[in-house]
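Scroll down for the structure; my scribbles are underneath it.
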There are 2 protein chains.
Amino acid sequence: MNADQRHITIWWEDLAAGSSRDLGTISPTAEEIIAFASQFDPQPFHLSEEGGKASLFGGLCASGWHTCSMAMRLMVTNFLGQSSSLGSPGMENLKWLKPVYPGDVLQLTQHIVESRPMASRPDVGLIRSQWQMVNQHGQPVMQMEGYGMFRRRTPAAAQ
Amino acid sequence: MNADQRHITIWWEDLAAGSSRDLGTISPTAEEIIAFASQFDPQPFHLSEEGGKASLFGGLCASGWHTCSMAMRLMVTNFLGQSSSLGSPGMENLKWLKPVYPGDVLQLTQHIVESRPMASRPDVGLIRSQWQMVNQHGQPVMQMEGYGMFRRRTPAAAQ
């Protein structure tokens, strides 16, 4: 929300429909998976290798919310932190497609599927993005979609 | 996924469409908000009171993913951990409606909107739930919807 305080290099005009960005990789350790789950999702398959082996997942795996949070870290570090983002009202069609295991290398891609000016605010534009996270085997593990609001480099009224 | 290892008191048959459950409350401290954001969502308004004051949020507030994770904790502790849950493929219509500030008392309610047998598995049923989190002022701060799979107390074939 305080875009003014950041060094902005990405504005709404830079986020064209049809474009994609590679937002880098993140890899959770067993200790991180267990720490997150102990605080937020204490189900047996998120808490120990034994609990995971006794489940359909076949081994310790990350909470789906941990996976979302790791995706958010990549978004902030490699995209939102350099952008004129004004935040997001939420997400749609969040899908956990495969388990995430310790040591998996998760790569995030943003696909911009729609971009339009915001009728009520000449200085703001909207984009609709799909976020997809893939593991080191090329398998999608998580995807979601959502709108984001971004300040425009040049307000509509000034054009 | 390892429903067999838990003491199950809630089965698919207990999850009637139209019913609601109060899943208790959780309250984040400023330290917890900052710790989560430092790891997963390092935007200024999630990292310090000063960063929050400089934003449209007006003060330090929790990452939306932190709010989801706190809701999950209430789900597991007060519902899923005693249930025959087989997991969820994802969520829909996730909305962050109001900022969550330090000391807010967040209460979670599950509304079951749909319940049906799973055609392909006589021992499993599906429910569709809406999850709503409200703060101490009665304001909704987060909501989402999703399907969950639960084992049946009595498989369809045995009835």
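Just so you know, all these numbers are worked out from the coordinates, no wet-lab data involved. Predicted, not measured: the structure shown is a model, and the values here were computed from it. Quick reminder, even Gly has a Cβ in these numbers, built from the backbone with ideal geometry, and neighbours come from all protein chains shown.
Peptide A:85-96 has a mean of 6 when you count, residue by residue, the C-beta atoms of other protein chains within 10 Å of its C-beta. Between the helical axis of A:30-40 and the dominant principal axis of chain A, each derived from Cα atoms, what acute angle in degrees is found, rounded to the nearest 10? In chain A, helix A:30-40 runs at an angle near 70 degrees to the longest axis. Ellipticity at 222 nm from helices only: DSSP H runs of n ≥ 4 in chain B, each -39500 (n - 2.57), divided by the residue count, give -6000 deg cm²/dmol.
In nanometers and ordered shortest first, the copy-to-copy spacing of the A:Glu13 label point, defined 7 Å from Cα toward Cβ, is 6.6. Counting neighbouring Cβ atoms within 10 Å and putting the fewest first, the residues A:Trp96, B:Trp65, B:Trp11 line up as B:Trp11, A:Trp96, B:Trp65. Cβ crowding within 10 Å, taken as a proxy for footprinting-reagent exposure, orders B:Ser55, B:Ser48 from fewest neighbours to most as B:Ser48, B:Ser55.
When only Cα pairs below 8 angstrom with a gap of at least 6 residues are kept, the stretch A:91-151 shows a relative contact order of 41 percent. Each part gets one Cα centre, and for the stretch B:97-159 versus the stretch A:130-155 those centres are 26 Å apart.
Of B:Met70, B:Met144, the sequence from fewest to most neighbouring Cβ atoms within 10 angstrom is B:Met144, B:Met70.
A point 7 Å from Cα along Cα→Cβ stands in for B:Pro122, and the other copies hold the same point at 6.9 nm, listed in rising order. What's the whole-number percent of alpha carbon pairs in the protein assembly as shown lying beyond 33 angstrom? Counting pairs separated by more than 33 Å, the tail of P(r) holds 27 percent. Mean sequence separation of contacting Cα pairs (under 8 Å, at least six apart), scaled by the length of the stretch A:11-158, corresponds to a relative contact order of 30 percent. By how many degrees, 0 to 90 and rounded to 10, does the Cα axis of helix A:64-78 deviate from the longest principal axis of chain A? That helix lies at roughly 40 degrees to the long axis. Only Lys, Arg, Asp and Glu carry charge here, each on its Cβ (+1 for the first two, -1 for the last two); on that basis the stretch A:11-158 has a dipole of about 520 debye about its Cα centre. Rounded to the nearest 20, the Cβ-based charge dipole of the protein assembly as shown about its Cα centre (Lys and Arg +1, Asp and Glu -1) stands at 640 debye. Considering only A:Gly52, B:Ser20, B:Leu74, and ranking their Cα positions along the charge dipole of the protein assembly as shown that arises from unit charges at the beta-carbon of Lys, Arg, Asp and Glu, the one farthest toward the positive end is B:Ser20.
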